[in-house]
1. What percent antiparallel are the DSSP beta bridges of region 3-232, to the nearest 5?
2. Rule-of-thumb check for the chain: C-alpha Rg over 2.2 N^0.38 Å?
3. Charges at C-beta only: +1 for Lys and Arg, -1 for Asp and Glu. How large is the resulting dipole of the chain about its Cα centre, in Debye rounded to 20?
4. What FRET efficiency would be calculated for the residue pair N80, D275, taking the C-beta separation as r and a Förster radius of 41 Å, to the nearest 0.05?
5. Per the Cauchy relation, a quarter of the hull surface: what is the mean projected area of the convex hull of the alpha carbons in region 3-106, in nm²?
6. Pairs K6/K43; K133/K195; K88/K195; K136/K232; K48/K133: which are spaced more than 26 Å apart, C-alpha to C-alpha?
7. Could you tell me the calculated FRET efficiency between T65 and K253, based on Cβ-Cβ distance and R0 = 45 angstrom, to the nearest 0.05?
8. Of the chain, which part is the longest with no GluC sites (Glu not before Pro) in a loop (DSSP not H, G, I, E, B) and with at most 14 other C-beta atoms within 10 angstrom?
Amino acid sequence: MGISFKDVTHLYPGVKRKEFTLALEDINLDINEKDEFIAIVGKTGSGKSTLIQHMNALMLPTKGTVQIFDNLITPKKRKNPKLKNVRKRVGFVFQFPEYQLFEETVFKDIMFAPLNFGMKKDEAERRTKEIAKELKIENLLKKSPFNLSGGQMRKVAIAGILSYDPDILLLDEPTRGLDPKGQVEIMELFHQIHKETRKTIVLITHDMDLVYQYATRVVVLNDTKITYDGDKVELFKSGLYKDNNLVKPEVLKLIDYLNEKMHYNLDYNTFTLEDLISKLKEVA
């Protein structure tokens, strides 16, 4: 098991003494070390970002425990293990990760994390060049990260996470602020990483089209609790997506229309518009 939540509750302190805001309540959740692409969805304020920040111990639970590989995270700071190993094994790509860039060149920025985690300099340099090539940004290595386009900066920031080869990747709205082409590039990058390395990826997003295209499992949060954990097709076939204030993906809206108005018999195992077009050609 990669990450396991047991009866986790998280409270944020309020302005006044003894005043608290409930962010998570009695969360039980198991995430495998490999082969999962999990989307965490829910309306704003449901607890998604709080949940994901517990997955590499950026936050400690108020109650309950989080097991992250061999590390048991508890509410008491002094009883927790050194967290450097946790952060090395579980990489976190924040919203707008380019805001974390700070070195004078792209090369130095990507290399910072592996050096910080104890990798030898020659190995860190090799790894930096390798990741830059995989992300097709090797031509940017000598440039300042602050003279790049938004999409390029996002790739450099992601390269910095991938450079130390974490076992699990956490993505908090990784496509936010990007144009449609940039969104496709970033999601295809993570999809390729997932396929080739079998790394588990946990994605927070409000975009149900991305969820339906890429996720293999969906966890729904609503008002601090998990209200669904399972197959994406079943989520949207049932009425649960409405109960949790989720929007049906565009491809499913089109399938519903074609089935109702054109009397097709298309099923929901169609995850992109391209897939739908191919199916329509087959039945035409």
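1. Percent antiparallel among DSSP bridges in region 3-232 is about 55.
2. 1.09
3. Approximately 1240 debye in magnitude.
4. So the FRET efficiency works out to roughly 0.35.
5. 8.9 nm²
6. K136/K232; K48/K133
7. Efficiency, from the Cβ-Cβ distance: 0.65.
8. Value returned for the longest uninterrupted segment is 105-284.
Coordinate-derived values only; no laboratory data. In this text the structure is predicted, and so the values were computed from the model without any measurement. We place every Cβ from the backbone using ideal geometry, glycine too, and count neighbours over all the protein chains shown.
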